[in-house]
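What follows is a single structure, written as structure tokens, with notes after it.
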Amino acid sequence: MSNLSQLVDELCPDGVPHLALGEVGEFIRGNGLQKSDLTDEGVPAIHYGQIHTFYGTWTSQTKSFVAPDLALKLRRARQGDLIIATTSEDDQAVAKATAWLGETEVAVSGDAYILRHRLDPRFVSYFFQTADFQSQKLRAITGTKVRRISGDSLATIRIPEPPIEVQREIVRILDTFTELEAELEAELEARTRQYAYYRETLLNARPPGSRTLALGDIGRVLMCRRVFKSETTPVGEIPFFKIGTFGGSPDAFISQRLYDDYRRQFSYPNPGEILISAAGTIGRVIRYGGEPAYFQDSNIVWLNHDESVVLNAYLYHWYSSVNWSTDGGTIQRLYNASILRMTISVPPVDYQKWVIEVLDRFETLVNSLTDGLPAEFIARRQQYEYYRDRLLTFDELIDE
């Protein structure tokens, strides 16, 4: 940061020009490349959809290729060009870009633009991620279900143009952040695989005293009383979790009166019991902590049982490891009978407690948003975004 400050003080103490992207380069629309044209060898090629799913800030290699005879008919990016995906169903993803740093030309599909420019390519690509670019871009997006931005609109977006030495120093700093983030992400992936391995190993072990039981031998499946859509509101007193919001944030609520009435008359989970999604993403689980909430009937169920046989916390980890078999047609769901038929190896309670202690530590490490690696990853990402936006913000040089 000190080197950058020194460069700014020396080279642009009064600010830098802010120019339209159309003034620093030209936009060239990709053409004619379909997903079905992509191959495993040939001329490097980038389809706009891959910018959303595969490529980062920059790349020097491609995931896919096209036949040489087709490549001759396609528009191609050169080393240093920016490749921009111009359509998406999500406004945030419209104009996601990657800088092409490869030594050869790369064929580019339609629904993408090539920006051939005079700036440092990674500097431009980082700028496309900033809050400044996003706010300018949003005003130019059109379309309903498919959202898009035109080359003419992109050409009007203004970008600061500091001296090339400053651009390169900013890139160096942001590349360092990106590398640190990648290292943390790799560690999280490794720990997640390690957690899955230990969970599988510990839950499949059969220490002395273990026995195999059907869940129906342990307890019974219960669910909340049905709540009609007309009884819910977008805001309210008690969160109502539908299958689509189960495990996340509610988008519907019920009244305190209805909650109290139904909880008094009908089945309701006890604190510590494990709720399972029986539709949508089959087998998603949460530990119910006892907080006021209501749950969609039949789609969210739980096993009510005696913990002298199986501890709820052990059942939670076992549920998380199960490859649930589903019944039904187009709309798949997990019926109560399917749950009750599932068999579980039940070890002694002391062993269950030990497994719970080990797996809870692993889960905190790989899943917790407050104490584990995800929390550190989020903090690192927020730090990166703060410094990226700050580093790419300059006072505008005003010609007198």
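The values are calculated or read from the model by the stated rules, or taken from the named source; none is laboratory data. Owing to the predicted nature of the structure, the values given are computational and were not obtained by experimental measurement. Cβ coordinates were reconstructed from backbone atoms using ideal geometry, including for glycine residues, and neighbour counts include every protein chain displayed. Each accessible area value is taken on the protein alone, full model and side chains, heavy atoms only, with ligands, DNA and RNA left out. Shrake-Rupley method; radii C 1.70, N 1.55, O 1.52, S 1.80 Å.
Checked against the criterion of being within 32 Å of the chain's Cα centre (by Cα) and either on the phi > 0 side of the Ramachandran plot or open to solvent by less than 80 Å² (accessible area, probe 1.4 Å) (or both), the candidates Leu213, Leu184, Leu222 yield just one match: Leu184.
Matching residues to (1) part of a helix (DSSP H, G or I); (2) modelled with pLDDT of 90 or more; (3) aliphatic (A, V, I, L, M); (4) more than 24 Å from Ser277 (Cβ to Cβ):
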position: Ile331; (1), (2), (3), (4): no, no, yes, no
position: Glu357; (1), (2), (3), (4): yes, yes, no, yes
position: Phe362; (1), (2), (3), (4): yes, no, no, no
position: Ala375; (1), (2), (3), (4): yes, no, yes, yes
position: Ile398; (1), (2), (3), (4): no, no, yes, yes
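I'd like the residue in the range 305-320 that is surrounded by 15 or more Cβ atoms within 10 Å (Cβ to Cβ) and of a type in the set (S, T, N, Q) and, out of all such residues, is modelled with the lowest pLDDT. Residue satisfying both the conditions and the ranking: Ser320. Within the range 234-260, the set of residues being open to solvent by 40 Å² or more (accessible area, probe 1.4 Å), farther than 22 Å from Ala279 by Cα and either at pLDDT 95 or above or basic (Lys, Arg) (or both) comprises Ser255, Gln256, Arg257, Asp260. A single member of Thr104, Thr98 is modelled with pLDDT of 95 or more, farther than 21 Å from Tyr386 by Cβ and either assigned to a loop (DSSP other than H, G, I, E, B) or open to solvent by 20 Å² or more (accessible area, probe 1.4 Å) (or both), and it is Thr104. Only a single item in (1) open to solvent by 80 Å² or more (accessible area, probe 1.4 Å); (2) under 27 Å from Tyr351 (Cβ atoms); (3) not basic (Lys, Arg) is not met by Ala205, and it is number (1). Between Ser125, Ser135, the distinction of being open to solvent by less than 20 Å² (accessible area, probe 1.4 Å), in a helix (DSSP H, G or I), more than 30 Å from Val322 (Cβ to Cβ) and out of contact with any helix residue (DSSP H, G or I) (no Cβ under 8 Å at 6 or more places or on another chain) belongs to Ser125 only. In the range 107-114, is there at least one residue being touching a strand residue (DSSP E or B) at 6+ places or on another chain (Cβ under 6 Å) and surrounded by fewer than 21 Cβ atoms within 10 Å (Cβ to Cβ)? Yes: one or more hits. Contact map, the range 131-144: first residue under 12 Å from Asp90 (Cα atoms), second residue outside any strand (DSSP E or B) and aliphatic (A, V, I, L, M), Cβ cut-off under 8 Å, separation 6 or more or different chains; pairs are Ile141/Val94; Ile141/Ile149; Thr142/Ile149. For the range 261-272, the set of residues classified as in a helix (DSSP H, G or I), in contact (Cβ under 8 Å) with a residue 12 or more places away in the chain and open to solvent by less than 70 Å² (accessible area, probe 1.4 Å) consists of Tyr262 only.
Need pairs with beta-carbon distance below 9 Å; first residue at pLDDT below 95 and within the range 165-192, second open to solvent by 40 Å² or more (accessible area, probe 1.4 Å) and among the acidic types (Asp, Glu); sequence gap 6+ or separate chains. Listed by first residue and then by second, the contacts come to Leu184/Glu376; Leu188/Glu376.
There is at least one residue in the range 140-158 that is touching a His at 6+ places or on another chain (Cβ under 9 Å), surrounded by 14 or more Cβ atoms within 10 Å (Cβ to Cβ) and not aromatic (Phe, Trp, Tyr).
Filtering the range 273-292 to residues that are assigned to a loop (DSSP other than H, G, I, E, B), within 17 Å of Trp318 (Cβ to Cβ) and either in contact with a helix residue (DSSP H, G or I) (Cβ under 7 Å, 6 or more places away or on another chain) or open to solvent by 60 Å² or more (accessible area, probe 1.4 Å) (or both) leaves Glu273, Gly283, Arg284.
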